[in-house]
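**Student:** Encoded as structure tokens, here's the structure I'll be asking about.
Bear in mind that the values in this text are calculations on the coordinates, not laboratory data. Being a predicted model, the structure only gives us computed values, none of them experimental. Quick reminder, even Gly has a Cβ in these numbers, built from the backbone with ideal geometry, and neighbours come from all protein chains shown.
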Amino acid sequence: MISKQEFATLAHNGLWKQNSGVVQLLGLCPLLAISSNVVNALSLGLATVFVMAASSLAVSGVRNFVPHEVRIPVFILIIAALVTIIDLALNAFAHPLYLVLGIFIPLITTNCIVLARADAYASKNHPLHSALDGALMGLGLTLVLVILGGLREVAGQGTLLSGIDLALGPAAKGWVITLLPDYKGFLLAILPPGAFLGLGLLIAGRNWIEQRALRRAQRDARTAAAQPA
Amino acid sequence: MTASAHILQKGSVTRVMLLVLACLLPGVLAYVWQFGWGIVINLAWASILALALEALALRLRSYPLKPFLADGSAVVTAWLLALSLPPLAPWWLTLVGMLFAIGVAKHLYGGLGQNIFNPAMIGFAVLIISFPAQMTQWAAPLSLAAQPLTFGESLGFIFGGGLPPGLGLDAVVSATPLDTLRTGLLQQHTLHEIQAASHVFGSVGGVGGEWVAAAYLAGGLILWALRIVPWQVPAAFLAGIWLTAGFLHWADAGRYAAPWFQIATPSAMLGAFFIATDPVTGATTPRGRLIFGLGAGFLTVIIRAFGGYPDGVAFAILLMNLCVPLIDAYTQPPVFGAAKKK
């Protein structure tokens, strides 16, 4: 079984220390293309979480039977099969959303972060740990996607959760939050350059927090050393 | 290029920047003469914003304020941006443009001397991509406007968005000649029909605009005579426009505007003498400057003719800014005395 300590390490790695979106910079294709609003970002993020958790579980399960030389094709086949499931499921249960996300659902197959975790972690670790690692890594990516999607949506059109009816049906139409009424719109944020600018700012923000924490730790260490116990 | 060691010259960033501003003055005066007071308000507003944003950025980066504020580079950026915007641009348009110019293009890249892209052009590009509607509401030349705005009315329009009672938006703004051309061509008219049907075309370029272009040219020539800008960039830029436009015009005179018309636009002259010549973001070798200018001129016409935006000077210069490291690497002059490579 998994201990609390191990879970904390996996969570810290996936969500912060090795965050795929702003630290490893893997999986940027969907990150940049789909983060124009929160609903798209969250939908694609959750689809990726499912694929990552399931593929890590499956890859870890077969890790002792797959020859090292052909592991990549095998992993990709597993991932592609799982993505096909998600693709068909979205098409069946959330067709409007499926149309909006379009090619980016099948493209989860080629998302580097999925294969990266399968090869770097799942092929060497216990299935339970692997599934958890996949899910947490996916959640880390989803977190960045949602934050970026939120920033771009607010800056670009002054709303949040627009298009939620595509995911949850017409009943959810009233859930759209208009933060800035009478907003003229800032097209740049919605267009691709806005994704690059936004991601750059997020990475800068994360580095700034890290550096501040580091400086604080150094200062604390100095004061601790200066005061003899 | 720096002065030789034996020449005693008081060269400083401040002096260069002040001279650039002085040489922009003829253009500004022609602008006021032809388009009214709006540009003066915009220039002042942009300068205030530039200094405030520059001070804020310097503070955040813990640099000393005085030497960097006094070097005048922020004001030059402000003027170049304000002169590229419509003369009656609303106040927030200038604010967003200056935020990107000073905040993103200049200081996020490391401040004056470190920026890859011309800050004013980044500001312009952000605005034309984000607010195409506001960016094409160009003030009509005074000779065509139904009722020219007074200074106070311009101020009210820029900061309040309101026009004097009884005056519609169409009475004060009109499409630029380049814009008129683009719209007409999209409606399958020939160049000849468009020019015959519209009042915005003057004897060479656009009404009003041609005078502003001429004044920029005069200021630019003074700048060149003072050896502030190298001759290669403006000459190559204008040659690039002339050659490309000339070829297209020769190939299909009904679709592509004549080279003299393309050169007589204010944006082309401002770009040639004041923007492409930026010593930080332009090429630094003599041959490299020729390539830089030719490329920018070529891209300007290509974007005007085939792109999605009516004018291409800003995008052309930004694209060439990207190529500068490559151009500089391949055009290093041989060391004096070294044998020429075959």
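**Student:** What residues qualify as long-range amide H neighbours of A:ASN19, i.e. H under 5 Å apart, gap of 5 or more or another chain, H built at 1.01 Å from N?
**Tutor:** Here A:GLN24 satisfy the definition.
**Student:** How large is ³J(HN,Hα), in whole Hz, for each residue of region A:175-188 in order, when computed from phi with the Karplus curve 6.51 cos²θ - 1.76 cosθ + 1.60 and θ = phi - 60°, using x for Gly and Pro?
**Tutor:** Karplus values, whole Hz, x for Gly and Pro: 7, 4, 9, 9, 7, 10, x, 6, 7, 6, x, 10, 4, 4.
**Student:** At 7 Å along the Cα-to-beta-carbon direction for both A:LEU99 and A:GLN218, put a label point, then send me their distance in nm to one decimal.
**Tutor:** Each label point lies 7 Å from its Cα, and together they span 5.6 nm.
**Student:** Moving to a separate point now. Sorting A:SER55, A:SER3, A:SER123 on the 10 Å Cβ count, fewest up front, what's the list?
**Tutor:** A:SER3, A:SER123, A:SER55
**Student:** Then there is this: Helix-derived [θ] at 222 nm for the protein assembly as shown: sum -39500 (n - 2.57) over DSSP H runs of at least 4, divide by residue count, nearest 500?
**Tutor:** When only DSSP H runs of four or more count, the value is -20000 deg cm²/dmol.
**Student:** Any idea which of A:PHE104, A:THR142, B:GLN332 is furthest toward the positive side of the dipole for the protein assembly as shown, if Lys and Arg beta-carbons carry +1 and Asp and Glu beta-carbons -1?
**Tutor:** Ranked along the dipole, the leading option is B:GLN332.
**Student:** Now, a different point. FRET efficiency for B:THR150 and A:VAL176, Cβ-Cβ distance as r, R0 = 51 Å, nearest 0.05?
**Tutor:** Step by step, r from the Cβ atoms, then E = 0.70.
**Student:** Go ahead and collect, in residue order, the members of region B:240-282 whose backbone nitrogen is under 17 Å from a label point 7 Å along the Cα-Cβ direction of B:SER143.
**Tutor:** B:261, B:264-266
**Student:** GNM, chain B, Cα, under 10 Å: largest mean-square fluctuation among B:GLN34, B:GLN134, B:GLN332?
**Tutor:** For chain B, modelled as a Gaussian network with Cα springs under 10 Å, the answer is B:GLN332.
**Student:** Also, I was wondering about something else. With a Förster radius of 25 Å, plug the Cβ-Cβ distance of A:GLN211 and A:LEU107 into 1/(1 + (r/R0)^6) and report the FRET value to the nearest 0.05.
**Tutor:** Efficiency, from the Cβ-Cβ distance: 0.15.
**Student:** Hey, another quick one. Using the Cα centre as the reference, give the magnitude of the dipole from point charges on the C-beta atoms of the protein assembly as shown (Lys, Arg: +1; Asp, Glu: -1; all else neutral), rounded to the nearest 20 debye.
**Tutor:** With Lys and Arg at +1 and Asp and Glu at -1, about 1840 debye.
**Student:** A follow-up question, please. Under the Karplus relation 6.51 cos²θ - 1.76 cosθ + 1.60, θ = phi - 60°, what is the ordered set of whole-Hz ³J(HN,Hα) values for region B:255-270, x standing for Gly and Pro?
**Tutor:** Whole-Hz 3J(HN,Hα) from phi for region B:255-270: 10, 10, 5, 5, x, 5, 5, 5, 7, 7, 8, x, 5, 5, 5, 4.
**Student:** Still on this structure, I have one more. What is the fewest-to-most order of A:ASP119, B:ASP170 by other Cβ atoms lying within 10 Å of their Cβ?
**Tutor:** Placing the least packed residue first, the sequence is B:ASP170, A:ASP119.
**Student:** Would you please give the residues with an amide H less than 5 Å from that of B:VAL173, counting only those at least 5 places away or on a separate chain, with H modeled from the backbone geometry?
**Tutor:** Here the answer is B:ALA140, since their amide H atoms fall under 5 Å of that of B:VAL173.
**Student:** Scan around B:GLY312 for amide H atoms under 5 Å from its own, H built in the peptide plane at 1.01 Å from N, and keep only partners 5 or more places away or cross-chain.
**Tutor:** The answer is B:ARG304.
**Student:** In which sequence would B:GLU153, A:GLU6, A:GLU69, B:GLU210 go, from the one with the fewest C-beta neighbours within 10 Å to the one with the most?
**Tutor:** A:GLU69, A:GLU6, B:GLU153, B:GLU210
**Student:** Further question: Using the Kyte-Doolittle scale, find the helices of chain B whose mean hydropathy is at least 1.0 and whose Cα atoms extend 20 Å or more along the helix's long axis, counting only whole DSSP H runs.
**Tutor:** What comes out of the filter, once short or polar helices are dropped, is B:13-35, B:38-60, B:209-225, B:232-251, B:286-306, B:313-330.
**Student:** Using θ = phi - 60° and the Karplus curve 6.51 cos²θ - 1.76 cosθ + 1.60, what whole-Hz ³J(HN,Hα) does each residue of region A:28-36 get, with Gly and Pro shown as x?
**Tutor:** 6, 4, x, 4, 7, 7, 9, 7, 7
**Student:** For chain A, modelled as a Gaussian network with Cα springs under 10 Å, which listed residue fluctuates most, A:LEU82, A:LEU44, A:LEU214?
**Tutor:** Judging by the Gaussian network model, the answer is A:LEU214.
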